[in-house]
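**Student:** Sharing a structure here in structure tokens format.
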Amino acid sequence: MNIEDLRAYCLALPHATEDVQWGNDLLFRIGNKIFAATGLDSTPLQVSLKCTPEKFSELVEIDGIVPARYTARYHWVTVERTDALSRRELEDLLRQSYEMVLVKLPLKLKKQIGV
């Protein structure tokens, strides 16, 4: 997966948006809450995403996946090498991250974005 594939997948999720913050970080959001992030200058592509505590424990055992800097305590991982997972596995994790963030949005915000 390359950055264009990542962008296409994340932006295909309902109501997902993207923006650049903190200098050079591309963030994907739902309702202004981040569900995935990557560095625009990271080579190879690295992506950080939220996961369940159980999945977090499982993923950090895989070579090429580490606890995300600053957000690991919230069960975020960084996939340092996208070949550490199959494309389908990575897409599933991105979808799960999106859904976990979406579920936690306040009702008022969900209504504003039409969810």
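**Student:** Could you identify the single residue in 6, 45, 11 that is in contact with a strand residue (DSSP E or B) (Cβ under 8 Å, 6 or more places away or on another chain), of a type outside the set (S, T, N, Q) and part of a loop (DSSP other than H, G, I, E, B)?
**Tutor:** On the way: 6 fails: part of a loop (DSSP other than H, G, I, E, B); 11 fails: part of a loop (DSSP other than H, G, I, E, B).
Criteria check complete, one pass: 45.
**Student:** Keeping to segment 91-115, report how many residues are polar (S, T, N, Q) and surrounded by fewer than 18 Cβ atoms within 10 Å (Cβ to Cβ).
**Tutor:** Kept after step one, since they are polar (S, T, N, Q), are these residues of segment 91-115: 96-97, 112.
Still in the list and also surrounded by fewer than 18 Cβ atoms within 10 Å (Cβ to Cβ): 96, 112.
Qualifying residue count, segment 91-115: 2.
**Student:** Right, something else. On the given criteria, is residue 88 assigned to a helix (DSSP H, G or I), surrounded by 15 or more Cβ atoms within 10 Å (Cβ to Cβ), among the charged types (D, E, K, R) and out of contact with any strand residue (DSSP E or B) (no Cβ under 9 Å at 6 or more places or on another chain)? First the steps, then the outcome.
**Tutor:** Working: assigned to a helix (DSSP H, G or I): yes; surrounded by 15 or more Cβ atoms within 10 Å (Cβ to Cβ): no; among the charged types (D, E, K, R): yes; out of contact with any strand residue (DSSP E or B) (no Cβ under 9 Å at 6 or more places or on another chain): yes.
The answer is no for residue 88.
This table checks each residue for (1) touching a Leu at 6+ places or on another chain (Cβ under 8 Å); (2) of a type in the set (Val, Ile, Thr).
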| residue | (1), (2) |
| --- | --- |
| 10 | yes, no |
| 31 | yes, no |
| 36 | yes, no |
| 41 | no, no |
| 58 | no, no |
| 62 | yes, yes |
| 69 | no, no |
| 87 | no, no |
| 102 | no, no |
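**Student:** Within the set of pairs 6+ apart or on separate chains, which have a first residue in segment 60-89 that is within 19 Å of residue 100 (Cβ to Cβ), a second that is in a helix (DSSP H, G or I), and C-beta atoms under 7 Å apart?
**Tutor:** 65/59; 65/84; 75/53; 75/56; 77/56; 77/59; 79/90
**Student:** Would you confirm, using the coordinates I've provided, whether residue 34 is over 22 Å from residue 114 (Cβ atoms) and aliphatic (A, V, I, L, M)? Lay out the reasoning, then the answer.
**Tutor:** Values: over 22 Å from residue 114 (Cβ atoms): no; aliphatic (A, V, I, L, M): yes.
Here the answer is no, as residue 34 does not meet what is asked.
**Student:** Which numbered condition in (1) among the hydroxyl-bearing types (Ser, Thr, Tyr); (2) assigned to a helix (DSSP H, G or I); (3) over 16 Å from residue 57 (Cα atoms) is the only one that residue 70 fails?
**Tutor:** Just one mismatch for residue 70, condition (2).
**Student:** Tell me, yes or no, whether segment 19-26 has at least one residue that is crowded, with 18+ Cβ neighbours inside 10 Å and among the aliphatic types (A, V, I, L, M).
**Tutor:** First, the residues of segment 19-26 that are crowded, with 18+ Cβ neighbours inside 10 Å: 26.
Next, from what is left, pick out any that are among the aliphatic types (A, V, I, L, M): 26.
Scanning segment 19-26, I find at least one residue that is crowded, with 18+ Cβ neighbours inside 10 Å and among the aliphatic types (A, V, I, L, M), so the answer is yes.
**Student:** Let me ask you something else. Please determine whether any residue of segment 37-59 is modelled with pLDDT under 95 and among the charged types (D, E, K, R).
**Tutor:** Looking through segment 37-59, at least one residue is modelled with pLDDT under 95 and among the charged types (D, E, K, R).
Condition check ((1) over 14 Å from the mean Cα position of the chain (by Cα); (2) exposed (fewer than 14 other Cβ atoms within 10 Å of the Cβ); (3) on the phi < 0 side of the Ramachandran plot) across all residues:
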{"residue": "6", "(1), (2), (3)": "no, no, yes"}
{"residue": "49", "(1), (2), (3)": "no, no, yes"}
{"residue": "60", "(1), (2), (3)": "yes, no, yes"}
{"residue": "63", "(1), (2), (3)": "yes, yes, yes"}
{"residue": "68", "(1), (2), (3)": "no, no, yes"}
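The values are calculated or read from the model by the stated rules, or taken from the named source; none is laboratory data. What you see is a predicted model, and the numbers here were worked out from it, not measured in a lab. Cβ sites come from the backbone with ideal geometry, for glycine too, and all protein chains shown count toward neighbours.
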